[in-house]
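Engineer: Sharing a structure with you now.
The values are calculated or read from the model by the stated rules, or taken from the named source; none is laboratory data. Quick caveat: nothing in here was measured; it's all calculated off a predicted structure. Note that we place each Cβ from the backbone using ideal geometry, even for glycine, and neighbour counts take in every protein chain shown.
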Amino acid sequence: MTRKVCVVVTARPSYSRIKTALLALRARDDVELQLVVAASAMLDKYGLAVSQIQADGFEPSAEVFTLIEGENPTTMAKSTGLGLIELASVFDNLRPDVVVSIADRFETIATAIAAAYMNIAVAHVQGGEITGSIDEKVRHSVTKLSDLHLVSTRGAADNVVRMGEEPNSVHVTGCPSIDLAAEVAADPALDFEPLERYGGVGASLDLDEGYLVVMQHPVTSEHELARTHVLETLHAVNEFDLPVLLFWPNPDAGSDGTSNGIRTFRELEQPKKMHFFKNMAPHDFLRLLVNSRGIVGNSSVGIRECSYLGVPAVNIGSRQDKRERGRNVVDVDYDRGQIAAAIGRHLEHGPYASDPIYGDGRAGERIADVLATAELRTVKRLTY
């Protein structure tokens with residue numbers, strides 16, 4: 001019997017975290033893939049990830065607008081509630097056998113709650129990891145709502161079992177984004193011109209002599225400091241005579257503060273070597289990273305994909321606190337002096353050896369196999 005597997009993508013990073021699993025699921029004869037795209041993945045302001053999904057040949061089974069703008073704790077809570085309402089209707093129409101919730105963003109908990117209340121099996125990708133801020137509470141809550149756990153590391157698996165989940169429901173698959181990193185590592189050439197392909201705002205740059213990538217998101221528990229935080233980072237990277245490619249933040253509480261800080265810096269300092277992007281296709285972004293001199297900010301990409309690629313990463317603040325990390329990572333506070341010093345050490349060191357903490361490049365096929373074949377808990381479905 002064909003199993004209906006419903007994957008919910010709610011943000012641009014969620015897509016790169018699940019793309020290879022989607023490809024593996026689509027290739028199987030025993031699976032009917034249902035893809036739901038929602039929240040910030042539907043909005044141009046955050047890179048319109050749905051367009052990249054469609055460009056990769058996936059046709060969403062449903063597209064749902066669930067994000068309330070405002071980028072503060074109140075709108076995060078309201079967006080979660082709206083997502084719960086809308087996704088319940090989607091699941092009622094699609095009737096999946098299992099719903100996949102990805103990682104730990106605030107939008108993803110609505111996926112798990114709706115499916116769990118509707119007696120649909122829930123599979124969680126990237127549970128069991130330890131970090132800072134509200135993300136950890138969301139991640140562990142989704143774990144407790146889930147029936148299958150598709151984790152990235154052995155340490156994460158141990159954490160899930162310690163939370164009381166059945167060991168036979170926990171599968172160490174690796175992270176699908178490492179699959180993409182492995183493909184890029186095998187052929188790392190920067191085979192496109194970033195400014196030409198993606199436009200963006202800022203100076204025209206010559207990237208041939210190297211460049212830095214900046215990706216910094218607000219910390220929801222420190223959202224009132226988001227503007228100050230990003231200004232410290234921008235002043236630090238501006239000390240170096242290197243082009244800087246900066247990406248817009250995620251739609252968390254404090255995002256307006258981060259965006260305001262970026263605009264303020266751009267207007268007052270008029271940096272001559274900075275260019276700003278909304279989004280890039282996953283493979284293009286990883287090619288940009290592997291050819292860079294390093295990444296600066298607080299995105300998990302510096303911890304996960306960059307550990308595999310050996311890209312130097314300056315990780316700032318508490319957002320990735322206690323997450324497993326490789327030798328490529330230097331941790332600093334939101335202090336321009338500390339940030340600049342860490343960048344300088346990385347520039348002197350250069351690339352690091354690959355550290356495959358989060359996978360070996362085969363996570364997508366493992367996830368697809370578990371979703372297609374694992375025993376799902378038996379539920380009594382209501383008939384109407």
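Engineer: Name every residue in the stretch 337-381 that is of a type in the set (A, V, I, L, M), within 30 Å of Ile120 (Cα to Cα) and more than 23 Å from the chain's Cα centre (by Cα), in order of residue number.
Structural biologist: The initial filter retains those residues of the stretch 337-381 that are of a type in the set (A, V, I, L, M), namely 339-343, 347, 353, 357, 363, 367-368, 370-372, 374, 376, 379.
Next cut, within 30 Å of Ile120 (Cα to Cα) only: 363, 367-368, 370-372, 374, 376, 379.
Result: Ala372, Ala374, Leu376, Val379.
Engineer: From the list Pro249, Pro218, which one is touching a Ser or Thr at 6+ places or on another chain (Cβ under 9 Å), within 30 Å of Glu183 (Cβ to Cβ) and outside any strand (DSSP E or B)? Full working, then the answer.
Structural biologist: Numbers: Pro218 fails: within 30 Å of Glu183 (Cβ to Cβ).
After applying the criteria, what remains is Pro249.
Engineer: Answer with yes or no whether Glu232 is at pLDDT 95 or above, surrounded by 14 or more Cβ atoms within 10 Å (Cβ to Cβ) and not assigned by TED's automatic domain parsing to the domain that holds Glu305. Break it down stepwise before answering.
Structural biologist: On the way: at pLDDT 95 or above: yes; surrounded by 14 or more Cβ atoms within 10 Å (Cβ to Cβ): yes; not assigned by TED's automatic domain parsing to the domain that holds Glu305: no.
For Glu232, the condition - at pLDDT 95 or above, surrounded by 14 or more Cβ atoms within 10 Å (Cβ to Cβ) and not assigned by TED's automatic domain parsing to the domain that holds Glu305 - is not met.
Engineer: Another one. Go through the residues of the stretch 178-186 one by one and say whether even a single one is surrounded by fewer than 14 Cβ atoms within 10 Å (Cβ to Cβ), over 28 Å from Gly326 (Cα atoms) and not β-branched (Val, Ile, Thr). Give the derivation first.
Structural biologist: Residues of the stretch 178-186 that are surrounded by fewer than 14 Cβ atoms within 10 Å (Cβ to Cβ), as a first pass: 186.
Those left that are additionally over 28 Å from Gly326 (Cα atoms): none.
Scanning the stretch 178-186 turns up no residue that is surrounded by fewer than 14 Cβ atoms within 10 Å (Cβ to Cβ), over 28 Å from Gly326 (Cα atoms) and not β-branched (Val, Ile, Thr).
Per-residue answers, yes or no, for (1) in the same structural domain as Ala112 (by TED's automatic domain parsing); (2) farther than 15 Å from Ala103 by Cα:
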{"site": "His149", "(1), (2)": "yes, no"}
{"site": "Thr153", "(1), (2)": "yes, no"}
{"site": "Ala156", "(1), (2)": "yes, no"}
{"site": "Arg162", "(1), (2)": "yes, yes"}
{"site": "Ser169", "(1), (2)": "yes, yes"}
{"site": "Leu180", "(1), (2)": "no, yes"}
{"site": "Arg197", "(1), (2)": "no, yes"}
{"site": "Gly202", "(1), (2)": "no, yes"}
{"site": "Gly210", "(1), (2)": "no, yes"}
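Engineer: Can you tell me which residues in the stretch 58-98 are of a type in the set (Val, Ile, Thr) and under 23 Å from Ala123 (Cβ atoms)?
Structural biologist: From the stretch 58-98, those of a type in the set (Val, Ile, Thr) are 64, 66, 68, 74-75, 80, 85, 90, 98; that's our starting set.
Selection gives Val64, Thr66, Thr80, Ile85, Val90, Val98.
Engineer: Do we find that Val330 is surrounded by fewer than 24 Cβ atoms within 10 Å (Cβ to Cβ), without any contact (Cβ under 8 Å) to a residue 24 or more places away in the chain and of a type in the set (A, V, I, L, M, F, W, C) in this structure? Steps first, answer last, please.
Structural biologist: Numbers: surrounded by fewer than 24 Cβ atoms within 10 Å (Cβ to Cβ): yes; without any contact (Cβ under 8 Å) to a residue 24 or more places away in the chain: yes; of a type in the set (A, V, I, L, M, F, W, C): yes.
The answer is yes for Val330.
Engineer: Still on this structure, please answer the following. Which of the residues spanning the stretch 80-113 are assigned to a helix (DSSP H, G or I), out of contact with any Gly (no Cβ under 7 Å at 6 or more places or on another chain), under 25 Å from Ser152 (Cα atoms) and not β-branched (Val, Ile, Thr)?
Structural biologist: Of everything in the stretch 80-113, just one residue is assigned to a helix (DSSP H, G or I), out of contact with any Gly (no Cβ under 7 Å at 6 or more places or on another chain), under 25 Å from Ser152 (Cα atoms) and not β-branched (Val, Ile, Thr), namely Ala112.
Engineer: I would also like to ask the following. Within the set of pairs 6 or more residues apart or between chains, which connect a residue that is acidic (Asp, Glu) inside the stretch 134-159 to a residue that is assigned to a helix (DSSP H, G or I) with Cβ atoms less than 7 Å apart?
Structural biologist: Taking only residues 6 or more apart or on different chains, the pairs are Asp147/Ser169.
Engineer: Further, regarding this structure: Can you run down the residue pairs with Cβ atoms below 7 Å, 6 or more apart or on separate chains, where the first is in the stretch 79-100 and in contact (Cβ under 8 Å) with a residue 40 or more places away in the chain and on the phi < 0 side of the Ramachandran plot and the partner is surrounded by 18 or more Cβ atoms within 10 Å (Cβ to Cβ) and polar (S, T, N, Q)?
Structural biologist: Ser79/Thr66; Gly83/Thr66; Glu86/Thr66; Leu87/Thr111; Leu94/Gln34; Leu94/Ser61; Pro96/Gln34; Val99/Thr111
Engineer: Criterion first (of a type in the set (Ser, Thr, Tyr) and closer than 23 Å to His217 by Cβ) does Ser299 satisfy it? Outline the logic, then answer.
Structural biologist: Details: of a type in the set (Ser, Thr, Tyr): yes; closer than 23 Å to His217 by Cβ: yes.
Here the answer is yes, as Ser299 does meet what is asked.
Engineer: Going through the stretch 98-122 one residue at a time, which ones are closer than 24 Å to Met1 by Cα and touching a Ser or Thr at 6+ places or on another chain (Cβ under 9 Å)?
Structural biologist: Within the stretch 98-122, the first condition is being closer than 24 Å to Met1 by Cα, and the residues that meet it are 98-101, 115-116, 118-122.
Correct list: Val99, Val100, Ser101, Ala115, Ala116, Ala121, Val122.
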